[in-house]
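The values are calculated or read from the model by the stated rules, or taken from the named source; none is laboratory data. This structure is a prediction, so every number in the text was calculated from the model and none was measured. When we count neighbours, we look across all protein chains shown, and the Cβ atoms used for this are built from the backbone with ideal geometry, even at glycine. Keep in mind that these areas ignore ligands, DNA and RNA; they rest on the heavy atoms of the full protein, side chains included. Shrake-Rupley method; radii C 1.70, N 1.55, O 1.52, S 1.80 Å.
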Amino acid sequence: MTQHRRRLGAWLLAGVVLAVVLTLCQADRTGVGEHSAAPSATPAAAPSGTDAPAPTAPPSPSATPSPTPPPGTAEPSPSGSACASPGACGFPDAGSTGPRIALERHDTGNMSVKKDGTVIKGWDIRGSLDIYANDVTVIDSRITSTNWWGINLRPGFSGLKVLHTTITAVPGKGPDNGGVNYAVSNMGGSSVEVGWCDISVFGNALSMGQGDLHDNYVHDLVAFRNQGGEWQHTDAVISGGGNKGRLILRHNTLLNSTPVDRGATAAVGLFADTGVVSSVVVDGNWLAGGAYALYGGGPGATGIQVTDNVFSTQYHPGAGAYGPVAAWNAGGAGNVWKGNRMSDGRPVTPEPTS
């Protein structure tokens, strides 16, 4: 019995010793693993013959104050979304405008159209069109003008449509001291439709008091001195007021990159030159450039609806050189200003008129 008790004690002692040894080994392995995973607090020495890179201090906050928003704008809104360029944001550009078919060259010169219902399709015209007829359609064509205009609708006629057409000119070859004035001019007594057109070079690209202008790309207006030696005012769209019908500008890209000291006026210029401005819709357009991107018609303007437009900073921080909008009559009957923003997301609110 005594011998068995001695054996049992020896086995117990051996078990205790083994447990202690295993615990120490496990602790040693755990300590090594944790040390190797932790980052070193001391930089490793550079190899012999090389210079150790100096540690870079974190950049300090800039002491330069952020720029003051241009007049008529506010700080970015959390709900506003930035827009990088017209085409990237769903607005018309060179890829979505102009003719969709192959063209046949026609050296027409300055041609007069006098037959009602005439359709011009697939023509590459070297010249201009002077319309003395009703219900004329120009579609899937190109016009390169050296005249005062690309297409002009004469008084007393109506129903003109200009669709999927490129209208441009040759700088320095126009009759106004080398300049050209109007891509499409409506001198008639009713609305015209201009849609999906690529328009460039002319001083005042789309000139009319009434019309339906949609899905157009107006760009690269060319400044020139008129016959009086003064810089021609340039506008992507211009209306002189006194209109009896409605002027609608919807989903166009309207750019005026002309410098202010060379006559830049607006992307959209609503002016009371020949009468009160009324019944105008400016909805969902991309506007950039000019002294102001939009002139809103002045003190007497009524029925002007300016909604959901993007005022682009691509030429000036304020869309126009002096800001996004001027001459807005906030108290005019039927005037609406809603949902307009800068391309960087800031909401646009017109300055009070004096």
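Summary table
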read-out: Rounded, prolate or oblate (a/c below 1.5 giving rounded, otherwise prolate when a/b exceeds b/c) for the range 154-196 by Cα gyration tensor; value: oblate
read-out: Peptides 270-280, 231-241, 190-200, 107-117 ordered by average Cβ neighbours within 10 Å, highest first; value: 231-241, 190-200, 270-280, 107-117
read-out: Cα shape, the range 305-354, gyration tensor, a/c 1.5 rule; value: oblate
read-out: Built amide H within the under 5 Å cut-off of residue 275, gap 5+; value: 242
read-out: Under-5 Å amide H pairs with residue 291, H placed in peptide plane, nonlocal only; value: 265, 266, 321
read-out: Table column - 3J(HN,Hα) (Hz), the range 105-117, Karplus curve with 6.51, -1.76, 1.60, x for Gly and Pro; value: 5, 9, 8, 7, x, 7, 9, 9, 10, 10, 9, 4, x
read-out: Per-q log10 I(q)/I(0), the range 186-235, q = 0.13, 0.22, 0.26 Å⁻¹ (Debye; single scatterer per alpha-carbon; no solvent); value: -0.37, -0.85, -0.99
read-out: Note, ³J(HN,Hα) from phi for the range 324-332, Karplus 6.51, -1.76, 1.60, rounded to Hz, x at Gly and Pro; value: x, 8, 9, 6, 8, 9, 4, x, x
read-out: For residue 309, residues with placed amide H under 5 Å, excluding near neighbours; value: 284, 285, 340, 341
read-out: The range 69-202: C-alpha gyration tensor shape, a/c 1.5 cut-off, then a/b vs b/c; value: prolate
read-out: Cα-derived Rg to Rh of the range 215-261, Kirkwood definition; value: 1.04
read-out: Stokes-Einstein D in µm²/s, Kirkwood radius over Cα pairs - the range 94-157 at 10 °C with 1.306 mPa s viscosity; value: 131
read-out: Equivalent ellipsoid dimensions for the range 253-354 as semi-axes, Å, which come from the Cα gyration tensor, largest first; value: 20, 16, 11
read-out: Inter-centroid distance (Cα atoms) of the range 311-343 relative to the range 230-260, Å; value: 14
read-out: All-pairs Cα distance distribution in the range 124-268, expressed in whole percent, bin size 10 Å; value: 13, 46, 35, 6, 0
read-out: Heavy atoms of residue 248 accessible to a 1.4 Å probe, total area in Å² rounded to 10; value: 40
